[in-house]
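Readers should treat all values here as calculations from the given coordinates under stated rules, not as data from a laboratory. Quick caveat, the model's predicted, so the values are computed rather than measured. Neighbour counts are summed over all protein chains in view; Cβ atoms, including those assigned to glycine, are modelled from backbone coordinates with ideal geometry.
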Amino acid sequence: MYPEEKENAFSDYDMTQTSSTTLSLSPSYKLSISIIIIAMPLLLVNLWVGVPVALIGLFLLYQTPMIKLVFTPTALEVKRQEKLLKTFPYAEWESWKIFWQPVPILFYFKEINSIHFVPVLYDPEELRAQLEKYCPDCAV
């Protein structure tokens, strides 16, 4: 392989290189940290409102590195660290949407028999790219 071919081979590599690869989304702490920041003034104004909001933010902060979304060629897998929790085959998906585009906070997808809402604890651009790759006809 010539040096310029080798350079191009590496520069063309991205998360969608082959259909047989799997991709675990990078965690994003934006949502959990934002909720904790919102909770701080609420704690000063009303303790009964601020404490639950802060607890939700802390819970999401803890879950962000623990829960993984893994895109495979046939299904979306949800894992806690390396333990598989649930598999969602793309063939059963009817629709998906990432809510509130300026600041993505919620990922919704509908299967044939169920609806799912997932907080966006992952890089939203990676999430959208993988959804468009594996379920382009299901976007709402």
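For segment 66-112, the gyration tensor built on C-alpha atoms gives an oblate shape. Its axis ratio a/c (a ≥ b ≥ c) is at least 1.5, and a/b is not larger than b/c. Look at the dipole of the chain built from charges on Cβ: of TYR122, ILE33, ILE112, the Cα furthest out on the positive end belongs to ILE33.
Count charges around LEU84 for me, please; just the other residues with Cβ under 11 Å from its Cβ, Lys/Arg as +1, Asp/Glu as -1.
+3
Go through VAL45, GLN81, CYS135 and say which Cα lies farthest out towards the positive end of the charge dipole of the chain; charges sit on Cβ, +1 for Lys and Arg, -1 for Asp and Glu. It is VAL45, whose Cα lies furthest towards the positive end. Rounded to the nearest 20, the Cβ-based charge dipole of the chain about its Cα centre (Lys and Arg +1, Asp and Glu -1) stands at 740 debye.
LYS97 sits among other residues whose Cβ lies under 11 Å from its own Cβ, and their net charge, with Lys and Arg +1 and Asp and Glu -1, is +2.
Largest first, the extents of the alpha carbon coordinates of the chain on the three principal axes equal 65, 42, 31 Å.
For a Förster distance of 30 Å, can you work out the FRET efficiency between the beta-carbons of THR87 and GLU132, rounded to the nearest 0.05?
0.90
In the chain, the DSSP-assigned H stretches of four residues or longer account for a calculated mean residue ellipticity at 222 nm of -13000 deg cm²/dmol, using -39500 (n - 2.57) per stretch and the full residue count as denominator.
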